[in-house]
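S.K.: The following block contains the structure, expressed as structure tokens.
None of the figures in this text is laboratory data; all of them are computed from the coordinates on show. Everything numeric in this text was worked out from a predicted model, so none of it was measured. Cβ coordinates were reconstructed from backbone atoms using ideal geometry, including for glycine residues, and neighbour counts include every protein chain displayed.
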Amino acid sequence: MPSVPLRVALAAAVILASAVAPQAQDGAERPAWQGHGIKPQSPDSPFDQVVSGLYFRSKETQAMQADDFNNPGFLAVEQGEELWSKLDGAAGKSCASCHNEAAASMKGVAAAYPKWNEKLGKPVNLEQRIDLCRKGAMKAEPWAFGSPELTAMTTYLRNQSRGMPVAVKVDGPMTPWFERGKALYYQRNGQLDLACASCHQSNHGKYLRADFLSQGQSNGFPVYRLRDQRLVPLHERMEGCMQDVRATPFKPLSDEFIALETYVAWRGLGLPVETPAVRN
Amino acid sequence: MADVKPRIKLDKKDVAKGGVIEVKTLVSHTMESGQRKDKDGKTIPRKILNTFTCDLNGKMIFSANMEGAVSANPYFQFKIKPAESGTLTFTWTDDDGSKIQATEQIKVS
């Protein structure tokens with residue numbers, strides 16, 4: 001049966017060819033993220049250079065984010081702007097009733113979140129801060145996490161800090177939260193037994209199957225994900241990562257995710273806020 | 001969908017006769033394809049913007065038909081060579097028959 005070895009040889013050749021071809025293609029298409037970074041602000045940073053997720057995406061995605069008209073994330077910015085002055089709740093107030101013009105009063109504010117809240121004795125992130133205002137001053141129904149309204153308002157507020165450096169504080173009462181976030185970042189999870197650091201620290205700039213791994217920075221959130229065709233808040237993205245490693249995700253706005261958000265923001269200290277960023 | 005405000009950008013609003021205007025439009029819409037299922041396994045009915053038209057003084061000068069594969073928040077970019085001054089009317093028609101509309105004034109001299 002002389003035909004059998006020949007068939008085996010042919011099959012081997014085909015496998016070899018298909019193994020080589022995508023690699024060559026990868027090399028040509030790999031985004032050039034090096035050289036787009038900033039020097040880490042802290043000597044404890046795990047990175048030589050801190051690079052926004054923007055530079056790990058394709059040229060087309062980068063172009064879409066750069067053009068404010070083309071960037072679909074601005075639909076949420078506009079929605080947030082409308083909600084800013086919309087009266088709601090028993091107190092008959094809007095955000096603007098207390099905070100006036102967001103362009104002035106909210107400039108740089110969101111870049112410093114999550115932030116210590118003295119009254120609650122714990123840090124709150126931007127979503128929680130918005131709902132504290134709604135429950136408190138406005139006497140309105142808080143918006144649910146993941147609702148278009150809460151995400152739009154978060155996006156609008158983050159957008160007021162666009163271009164300004166991420167400036168989260170991790171000292172003082174924030175220290176235990178920072179440490180907890182750090183522990184979570186390096187803790188392996190799920191069936192695949194992977195920690196955040198397994199991909200985003202040790203392997204950024206490499207392919208994980210079809211996905212090009214970034215440093216997992218949070219400076220662009222909420223981001224317009226082309227996959228979801230809508231704005232995705234940070235905790236939903238973290239949930240997604242945990243599902244991908246086949247772990248049971250923490251709940252959005254849980255203490256775990258607030259600690260992790262704090263720590264991840266610290267890893268990106270000094271990166272410009274990009275909200276609304278566009279990612280795949 | 002009455003509260004939807006489309007984003008429209010013309011690179012210029014004043015052109016000489018024979019001049020070209022580049023039009024960019026972006027509209028917010030979920031574009032539910034009709035292929036997805038909800039948590040209970042039931043098909044989510046299709047609800048998309050199926051037609052987009054651009055009229056100049058009531059006369060259609062550009063149109064597009066959209067199908068289920070068009071992603072959410074459809075974006076169009078096209079060039080027009082307007083014959084006269086007047087009102088550009090942009091219309092997106094939803095599967096449920098409702099329309100999203102916006103207008104822009106242009107001048108041809």
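S.K.: Please sort by residue number the GluC sites (Glu not before Pro) in the stretch B:9-81 whose DSSP state is loop and whose Cβ has at most 15 other Cβ atoms within 10 Å.
M.R.: Answer in residue order: B:67.
S.K.: Right, next: At 7 Å along Cα-to-Cβ for each site, give me the label-to-label distance between residue B:20 and residue A:208 in nm.
M.R.: 4.4 nm
S.K.: Could you list the GluC sites (Glu not before Pro) in the stretch A:108-182 that lie in coil according to DSSP, counting only those with at most 10 other Cβ atoms within 10 Å of their Cβ? Intermediate results must be reported in sequence, preceding the final value.
M.R.: On the way: sites: A:118, A:127, A:149, A:179; in loops: A:118.
Qualifying residues, ordered by number: A:118.
S.K.: Would you work out if the stretch A:153-198 is rounded, prolate or oblate? Take a ≥ b ≥ c from the square roots of the eigenvalues of the alpha-carbon gyration tensor; rounded if a/c is under 1.5, else prolate when a/b is larger than b/c, oblate otherwise. The partial results should precede the final answer.
M.R.: Values: a/c = 3.08, a/b = 1.60, b/c = 1.93.
Judged from the Cα gyration tensor, the stretch A:153-198 comes out oblate (a/c at least 1.5, b/c at or above a/b).
S.K.: Report the label-to-label distance for residue B:101 and residue B:40 in nanometres (one decimal), using points 7 Å from each Cα along the Cα→Cβ vector.
M.R.: Placing both labels 7 Å along Cα→Cβ, they lie 3.7 nm apart.
S.K.: Cα gyration tensor of the protein assembly as shown, axes a ≥ b ≥ c as square roots of the eigenvalues: rounded (a/c below 1.5), prolate (a/b > b/c) or oblate? Please report the intermediate quantities before stating the final value.
M.R.: Working: a/c = 1.77, a/b = 1.10, b/c = 1.61.
Oblate.
S.K.: Compute the separation of the alpha-carbon centres of the stretch B:79-109 and the stretch A:109-171 and state it in Å as a whole number.
M.R.: Taking the Cα centre of each part, the stretch B:79-109 and the stretch A:109-171 sit 39 Å apart.
S.K.: Report, in whole Å, the centroid distance computed from the Cα atoms of the stretch A:182-242 and the stretch A:243-280.
M.R.: Here the two parts' Cα centres lie 8 Å apart.
S.K.: Using the beta-carbon distance between residue B:61 and residue A:32 and R0 = 45 Å, what value does 1/(1 + (r/R0)^6) give for FRET efficiency, to the nearest 0.05?
M.R.: On the way: r = 42 Å, r/R0 = 0.92.
E(calc), rounded to 0.05, equals 0.60.
S.K.: Let me ask you something else. Counting only pairs 8 or more residues apart or on different chains, how many lysine pairs in the stretch B:7-108 have their Cα atoms under 17 Å apart?
M.R.: 24
S.K.: So for the stretch A:44-149, if I pair up every lysine 8 or more residues apart or on another chain, how many of those pairs have alpha-carbons under 15 Å apart?
M.R.: Working: A:86/A:139; A:93/A:135; A:93/A:139; A:119/A:135.
Lysine pairs, 8 or more places apart or on different chains, close enough: 4.
S.K.: The stretch B:7-108: percent of C-alpha pairs farther apart than 18 Å?
M.R.: Values: 2587 of 5151 pairs.
Cα-Cα pairs of the stretch B:7-108 separated by over 18 Å account for 50 percent.
S.K.: Here's another thing I want to ask about it. Are there trypsin sites (Lys or Arg not before Pro) in the stretch A:222-271 that DSSP marks as loop and that have at most 11 other Cβ atoms within 10 Å, and which are they?
M.R.: On the way: sites: A:225, A:227, A:230, A:237, A:246, A:267; in loops: A:227, A:246.
Sites meeting the loop and neighbour criteria: A:227.
S.K.: Please list, in order, the residues from the stretch B:95-109 whose amide nitrogen is less than 14 Å from a point placed 7 Å along the Cα→Cβ vector of residue B:79.
M.R.: Zone members listed by number: none at all.
S.K.: Then there's this: How high is the FRET efficiency from residue A:59 to residue A:98, r the C-beta distance, R0 51 Å, rounded to 0.05? If you can, show how the numbers build up before the last one.
M.R.: Working: r = 43 Å, r/R0 = 0.84.
It comes out at approximately 0.75.
S.K.: Now, a different point. If you take the charge dipole of the stretch A:74-159 about its Cα centre, with +1 on Lys and Arg Cβ and -1 on Asp and Glu Cβ, which of A:138, A:124, A:92 is farthest toward its positive end?
M.R.: Looking along the dipole axis, the top candidate is A:124.
S.K.: Please report, in debye to the nearest 20, how large the charge dipole of chain A is about its Cα centre when each Lys and Arg carries +1 at its beta carbon and each Asp and Glu carries -1 there. Walk me through the numbers on the way to the answer.
M.R.: On the way: 31 positive and 29 negative charges, 67 e Å.
Using Cβ point charges on Lys, Arg, Asp and Glu, chain A gives about 320 debye.
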